[in-house]
Amino acid sequence: MASASDHPASQGPLAGLRVVECGEGVSAAFATKLMADLGAAVIKVEPPGGDIARRRGPFPGHQPDFEKSGLFIYLNGGKLGITLDLTDALQRATLARILADADILIHNVPVPDRRARGLDRERLREEFPALVIGAVSPFGDFGPYCQWKGYELNVVNAGGWAYLSPGSSKHPELPPLKIFGSQGDFQAAMHVAFAALAAMWRRLETGRGEHLEVSGQECIAAMLELSFAHYSYAGQVASRLGHRTVAPWAIMECADGYIMILCIEEEQWRRMVALMGNPEWTQEEIFATGRDRGVNADALYALMGDWVKQWKVRDLFLEAQRNRIPVAPVSTIKDLYFNDQLLDRKYFIPIEVPGVGEVSIPGPPFKSTADGWRIRGSAPRVDETRAICRDGAPNWPGSAEPRLPQRVVAKGSVREPSPLPLSGIRVLDLTWVWAGPYCTLQFAHMGAEVLRIESRKRLCPTRRVPPFADNIAGPNRCGYFNQYSQGKKSVTLNLTNPEGVRLALELAKHCDIVADNFSAGAMARMGLGYEALRAAKPDIIAISMSGCGQTGPWKNFLSYGPTAAAFAGFFALTGYEGMGPSEVGVSFADPTAGLLGTVAVMAALFHRARTGEGQFIDLSQLEATIATLPEGIFEYVFNGLQPPRSGNHDPIMSPHECYKAAGDENAWVSIAVGSETEWRALCEAMGMPALADDSRFKTLADRKRNEAALDRIITEWTSARDRWEITRLLQSRGVAAFPAMSSADIAADPHLEERGFLVKLPHPEVGRRIHPGIPWTMTDTRCEVRSPAPLLGADTESVLRELLNMNEAEIERLKNADVLT
């Protein structure tokens, strides 16, 4: 472990922030990694035996070594460490001394274990009233499932993601599929990082702490794209089986690899037809519209496939992008290291791994004019973790840094501090589709006023695509828009009109944040680039979340969530054993980029509070997505290998699979065993106690060698039983199990209902529809969605009156001049 002297004053935007991390694995560690890389001092508390991430690898030469696990190295650079047995009163006292001088505690200790470790909500709030506590658990800390065990496999099934993966599968006999890596945990990590920083922002004004709890299940249920809306708005249950509603949307085979082709807009399809040489078959009626092509996808892909196979991946990718067609290679990890765009932007950075040498790993998930991001040291070593406490007091890294400044309410204000952490923050939201709106949705959830800028001249696709309430089309009736615009206001401005641009700049003067996710340079071409925004308001914080970033040779390439995930390497890594690459059911690059954007903006707010300076944040969706791929990255940098596709299996857990239950083709249950105790409990629950000592399965190594046989035995047992019967039985024995949940299951889930996650606010046009809500709860804050999504332009006049002091005559003039459309 590096000592405090090896961690110089950071000068990052979170310098002076003191953070404690407790727990194991990914969720707490990635949340605090984001803070550490932005300048916070982080003390990591490991349990006896070390963080489980030390055992997950990948390892150089595939030789297990606690100090050389790629996952642990990636998640914990720049932190100081201490090993504490929190079941011991004296060691809990050591933690208490550290917490007494900390600002934030992030932990993922399981709910049933918290009281014995001194980490239960009531005790922490009583002993440390100024501490911001961010806890992560599979199902939250109250509700019917709160005591249940859940590994990441169970969480992605509980939240509904696995039910959708792989997209457009033709194999009902194969189980719902988990995406490669630890994506459920990464989603929870980004949520808790944002929520904790937002709560800290309020503490700078009020001095009050907060206890917030992030539910992994709810994080997943909140990011199901259109799938939940299809059920709530049209009564349709999306699954991993069947076809996409539009086409082409598919992985296709080229001469030397795979490529992702996606044509959402009709104009993109027309350009694709031209690129293919206008073959006669494209004029057939069955391919007339995107929906027609979706219904006839098998025929479409058969005809396209012959043409695609004539191309090499890189050649087709570049030619399609030159023709403004959103196509992306299904990248391997090696491809990423030779990617022209990533090389130009110097995305990969060198670090030194003791005993290995220099390796290159993902760098900042976003770039900023204020800079301040860097890895501030090596990961802590197991045998040196006691060095953090000397003379009974914590030896914080960067202890010479000034603490974060108190934020003062504007002079003359009589406003009482609001219970909503970001009340008083205003966002000018020029985003569209999903990544950007998902980012600004989180700010709305935390109390910021979000002004969604729209235009009737060019509606956001989320107002134009199904599902529509009761299958009646209309811009206010689309479930996609109404899900990700909850709590926002709608202002219509015609930004092709100079007067509309002028009004946008006037509104920016009254905002703290301007957000967009247009292609590179689009804001500048509209007259709303960072220089223009900064001229209007010198301390403005602007974030642009484009597909590939604002610089580099591919900055103008078209990108959507599915193509970004393919480009970033996830499709090549995800799939059933012995089969080709797979889609992952949800365009998860969008919410990943959106959530990392929230962390970037919160860091910018802290920077502005300290310096008075605004900044421009350049977030590449490609780079943000790769930031959640450490297991794949380190297998390549340590061993030069592409990890094989392994379905739902796990390198250090077995059994670890989604098993067929009694019922139709969508009845499956996830079961994950993480210890020998759990393995024996599973055998007892199945009525097969002798199986635990069967020579094929007695140890983890035995079970991994004979995993196919073990899966067959478990399937024989599960397939005769109801998925919930299995879940309740196994959970009662301490074994992690959960059904693969559909959107209909989630909408009717008593646990989510009791927790208040399911939102049913009345909407002026569509009435009461169920929407996923906020995936965290807060002790001192009433955490709820404040309003349904706005009608198109519903707030235009009130915003112009209240912020720009316009009178009715001026507003009428702007209407007549086609400015407010």
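What pairs in Lys33/Lys178; Lys44/Lys149; Lys178/Lys488 have C-alpha atoms more than 31 Å from each other? Please list the in-between numbers first.
On the way: Lys33/Lys178 24 Å; Lys44/Lys149 23 Å; Lys178/Lys488 33 Å.
Distance filter (> 31 Å) returns Lys178/Lys488.
Under 12 Å from the Cα of Lys334, which aspartates and glutamates turn up, not counting those fewer than eight places away in the same chain? By straight Cα distance, Lys334 reaches Glu635. Under the combined filter of DSSP loop state and at most 16 neighbouring Cβ atoms within 10 Å, the stretch 452-536 retains these trypsin sites (Lys or Arg not before Pro): Arg456, Lys457, Arg458, Arg464, Lys509.
Would you rank His62, His763, His510 by solvent-accessible area, highest first, keeping every protein chain in place and using a 1.4 Å probe? Mind dumping the intermediate values first?
Numbers: His62 100, His763 15, His510 75 Å².
Sorted descending by solvent-accessible area, the residues read His62, His510, His763.
With contacts taken as Cα pairs under 8 Å at a separation of at least 6 residues, the chain carries a relative contact order of 18 percent.
Using only the Cα atoms of the stretch 649-694, each taken as one equal point scatterer with no solvent, compute I(q) by the Debye sum, divide by I(0), and report log10 of the ratio at q = 0.30 Å⁻¹. Results for the stretch 649-694 at q = 0.30 Å⁻¹ read -1.06.
Length, then width, then depth: along the principal axes, the Cα atoms of the stretch 109-159 run 36, 20, 17 Å.
Straight-line cross-link reach from Lys309 at under 13 Å between alpha-carbon atoms covers these aspartates and glutamates, not counting any fewer than eight positions away in the same chain: Glu253, Asp256.
Each label point was placed 7 Å from the Cα along the Cα-to-Cβ direction; for Lys698 and Glu808 their separation is 8.9 nm. When you filter the GluC sites (Glu not before Pro) in the stretch 633-712 for DSSP loop state and at most 16 other Cβ atoms inside 10 Å of their Cβ, you are left with Glu665.
Do any trypsin sites (Lys or Arg not before Pro) in the stretch 250-335 lie in a DSSP loop with no more than 16 other beta carbon atoms within 10 Å, and if so, which?
Details: sites: Arg270, Arg271, Arg291, Arg293, Lys309, Lys312, Arg314, Arg322, Arg324, Lys334; in loops: Lys309, Lys312, Arg324.
Passing sites in the stretch 250-335 are Lys309, Lys312, Arg324.
Over the chain, with a single point scatterer placed on each C-alpha, what log10 of the ratio I(q)/I(0) does the Debye formula yield at q = 0.07, 0.10 1/Å? With no solvent term, the Cα-only Debye profile gives -0.50, -1.08. Dipole magnitude for the stretch 733-821: computed about the Cα centre from +1 point charges on Lys and Arg Cβ and -1 point charges on Asp and Glu Cβ, it is near 380 debye. Taking max minus min of the alpha-carbon positions on each principal axis, the stretch 682-821 gives extents of 85, 29, 29 Å, largest first. For Gly424, nonlocal amide neighbours, meaning residues 5 or more places apart or on other chains whose placed amide H falls under 5 Å from its own, are Glu449. Sorted into 10 angstrom bins from 0, the C-alpha pair distances of the stretch 499-609 split as 13, 35, 30, 15, 6, 2 percent.
Each semi-axis of the equivalent ellipsoid for the stretch 237-374 is √(5λ) with λ an eigenvalue of the Cα gyration tensor; in descending order they amount to 37, 16, 15 Å.
I want to verify the translational diffusion coefficient of the stretch 683-748 in µm²/s; compute it with Stokes-Einstein, Rh as the Kirkwood radius over Cα pairs, at 37 °C and 0.692 mPa s.
Details: Rh = 13.3 Å.
Diffusion coefficient, whole number: 247 µm²/s.
Roughly how many debye, to the nearest 20, is the charge dipole of the stretch 486-539 about its Cα centre, given +1 on each Lys and Arg Cβ, -1 on each Asp and Glu Cβ, and no other charges?
Numbers: 7 positive and 6 negative charges, 19 e Å.
So the dipole magnitude of the stretch 486-539 works out to roughly 100 debye.
Between Ala234, Leu95, Gly181, the Cα set farthest toward the positive side of the dipole of the chain (charges on each charged residue's Cβ, about the Cα centre) is that of Leu95.
Using the Karplus relation 6.51 cos²θ - 1.76 cosθ + 1.60 with θ = phi - 60°, the per-residue 3J(HN,Hα) values for the stretch 485-491 come to 10, 4, x, 9, 10, 10, 10 Hz, with x marking Gly and Pro. Within a straight-line Cα-Cα reach of under 13 Å, Lys760 can be paired with the following aspartates and glutamates, leaving aside sequence neighbours fewer than 8 residues apart in one chain: Glu784. Phi angles across the stretch 566-579 convert, under the Karplus curve 6.51 cos²θ - 1.76 cosθ + 1.60 with θ = phi - 60°, into 3J(HN,Hα) values of 5, 4, 7, x, 6, 5, 5, 8, 9, x, 6, 4, x, 10 Hz, Gly and Pro given as x. Could you tell me the distance between the Cα centroids of the stretch 523-600 and the stretch 454-509, to the nearest Å? Value for the Cα centre distance between the two parts: 20 Å.
Compute the projected area of the convex hull of the Cα atoms of the stretch 24-174, averaged over all viewing directions, and report it in nm² to one decimal place.
Numbers: hull surface 47.9 nm².
Result: a mean projected hull area of 12.0 nm².
In this simple spin-label model, placing a label point 7 Å from the Cα along the Cα-to-Cβ direction at both Trp724 and Ala96 gives a separation of 4.4 nm.
With both residues required to sit in the chain, DSSP beta bridges show an antiparallel share near 45%.
Starting with the highest mean, order 48-55, 111-118, 428-435 by the number of other Cβ atoms within 10 Å, averaged over the residues of each peptide. Could you put the intermediate results ahead of the total?
On the way: 48-55: 19.2, 111-118: 16.9, 428-435: 26.2.
My ranking of the peptides, most packed first, is 428-435, 48-55, 111-118.
The residue list Asn648, Ile543, Gly159 was ranked by how far each Cα lies along the charge dipole of the chain toward its positive end, using unit charges on Cβ atoms, and Ile543 comes out on top.
Here's the picture: charge each Lys and Arg Cβ at +1 and each Asp and Glu Cβ at -1 in the stretch 664-821, and of Leu820, Val759, Ser719 the one pushed furthest to the positive end of that dipole is Ser719.
Our Cα-only numbers for the stretch 138-256 put the radius of gyration and Dmax at 18.1, 62 Å.
Explain nothing, just the number: dipole magnitude of the chain about its Cα centre with +1 on each Lys and Arg Cβ and -1 on each Asp and Glu Cβ, in debye rounded to the nearest 20. The dipole magnitude comes to about 1240 debye. Computed from phi, the 3J(HN,Hα) profile of the stretch 669-683 under the Karplus parametrisation 6.51, -1.76, 1.60 (θ = phi - 60°) reads 9, 8, 9, 9, 10, x, 7, 5, 4, 5, 4, 5, 5, 5, 4 Hz, with x in place of Gly and Pro.
The values are calculated or read from the model by the stated rules, or taken from the named source; none is laboratory data. Only a predicted model underlies this, so the values are computations on that prediction, with no experimental measurement involved. All Cβ positions, even for glycine, are placed from backbone atoms using ideal geometry, and neighbour counts span all protein chains on display. Just so you know, the surface numbers come from the protein's heavy atoms only, side chains and all, with ligands and any DNA or RNA stripped out. Shrake-Rupley method; radii C 1.70, N 1.55, O 1.52, S 1.80 Å.
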